[in-house]
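Following: one structure in structure tokens, then a few remarks.
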Amino acid sequence: MRLVLLGPPGAGKGTLAAFLNKELNIPHVSTGDILREEMKNNTPLGQEVKKYVESGGLVPDEVVIKLIENKFSSDSAIDKGYMLDGFPRTEVQAKNLDAILNNLNKQVDYAVYLNASLPVVIERLTGRRICRNCSAIFHMKNNPPKEEGICNECGGEVYQRPDDNEETIKTRMDVYLENTKPVIDYYEAQEKLKKVDADKDSQEVQENLMKIFNGGR
Ligand code: AP5
């Protein structure tokens with residue numbers, strides 16, 4: 001299956017991607033994860049994007065489009081499907097993605113829209129913790145690591161993302177409303193949009209999505 005996961009910061013895109021990866025074995029491609037890896041390794045790209053990522057702004061379109069183009073032309077794992085998380089985030093990215101995928105004959109099947117409200121998103125992101133090593137996602141209230149600060153999956157260090165503070169979350173939400181809402185309309189016009197109420201707990205979100213896939217709603 002070839003999916004695009006859409007929704008505001010903290011809607012649960014990464015959490016859903018981890019579930020679908022286990023359930024359906026679909027490779028997960030997250031531009032946020034790729035950019036954070038570049039920043040961690042202090043590469044020239046990491047240095048270039050740091051100011052955008054940490055302030056909650058968008059990295060320039062041409063940078064992320066190139067990144068996705070390289071990934072899709074070089075990674076054979078994508079032959080069995082993909083889940084794009086955090087891309088496309090602007091209409092320009094969506095149009096460029098279609099051009100890249102048309103060339104490869106790997107067009108998107110569905111765009112899954114996780115619709116979550118601002119108070120829910122703030123509560124989720126301020127409580128979120130992530131493994132520095134394997135990117136497993138935790139929440140201090142809903143899903144805390146068994147041992148404080150240690151990842152259940154790999155034993156890595158669990159940390160809080162620097163952009164997960166209330167002020168930057170609000171900036172990310174504003175950026176989302178202005179730039180990414182048109183992407184939802186873009187996929188709706190293509191009749192590929194599948195909407196899920198993402199204020200619900202993770203299990204309900206996952207069950208509702210599987211029902212949509214099974215029933216083709
Ligand atoms: P990115 O990493 O993509 O961040 P984001 O879109 O802000 O999304 P998040 O990762 O914050 O949230 P999520 O929806 O994955 O939520 P999660 O599952 O973790 O991007 C970061 C930055 O990189 C951007 O700001 C930008 O600067 C740059 N960037 C990336 N892509 C770009 C692009 N294409 N163009 C330009 N710039 C780009 O869940 C959150 C928390 O809630 C977790 O703690 C989880 O346990 C919990 N949770 C999840 N679902 C539920 C649920 N249903 N019920 C209860 N708790 C839940």
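The values are calculated or read from the model by the stated rules, or taken from the named source; none is laboratory data. Everything numeric in this text was worked out from a predicted model, so none of it was measured. Counting neighbours? That spans all protein chains shown, and the Cβs are built from the backbone with ideal geometry, glycine included. What goes into the accessible areas is simple: the full protein's heavy atoms, side chains included, and nothing from ligands, DNA or RNA. Shrake-Rupley method; radii C 1.70, N 1.55, O 1.52, S 1.80 Å.
Brief remarks on what is shown
- Computed [θ] at 222 nm, deg cm²/dmol, the chain (DSSP H ≥ 4; -39,500 (n - 2.57); rounded to nearest 500): -15500 deg cm²/dmol
- Straightening the chain between Asn21 and Glu157 buys 46.7 nm, computed as 0.36 nm per residue apart minus the Cα-Cα spacing.
- Longest stretch of the chain clear of exposed loop sites (GluC sites (Glu not before Pro), DSSP loop, at most 10 other Cβ atoms within 10 Å, sites excluded): 1-147.
- Between the range 193-217 and the range 122-144, the alpha-carbon center distance in angstrom: 21
- Distance between modelled label sites at Asp201 and Glu166, nm, 7 Å Cα→Cβ extension: 2.6
- Ordered from largest to smallest accessible area (heavy atoms of protein chains, 1.4 Å probe), the residues His28, His139 come out as His28, His139.
- Take every pair of alpha-carbon atoms less than 8 Å apart whose residues are at least six positions apart; their mean separation over the length of the chain yields a relative contact order of 30 percent.
- Pairwise FRET efficiency - Glu148 versus Met1, Cβ, R0 = 45 Å, nearest 0.05: 0.80
- When only the Cβ of Lys, Arg, Asp and Glu is charged (+1, +1, -1, -1), the dipole of the chain relative to its Cα centre reaches about 280 debye.
- The slack between Leu177 and Asn105, meaning 0.36 nm per residue of separation minus the straight C-alpha distance, is 22.9 nm.
- A Förster distance of 22 Å, applied to the separation of the beta-carbon atoms of Leu118 and Glu91, puts the FRET efficiency at 0.45.
- With every protein chain in place, the chain: carbon and sulfur % of accessible area (1.4 Å): 45
- The range 57-150: Cα Rg divided by the 2.2 N^0.38 Å rule of thumb: 1.35
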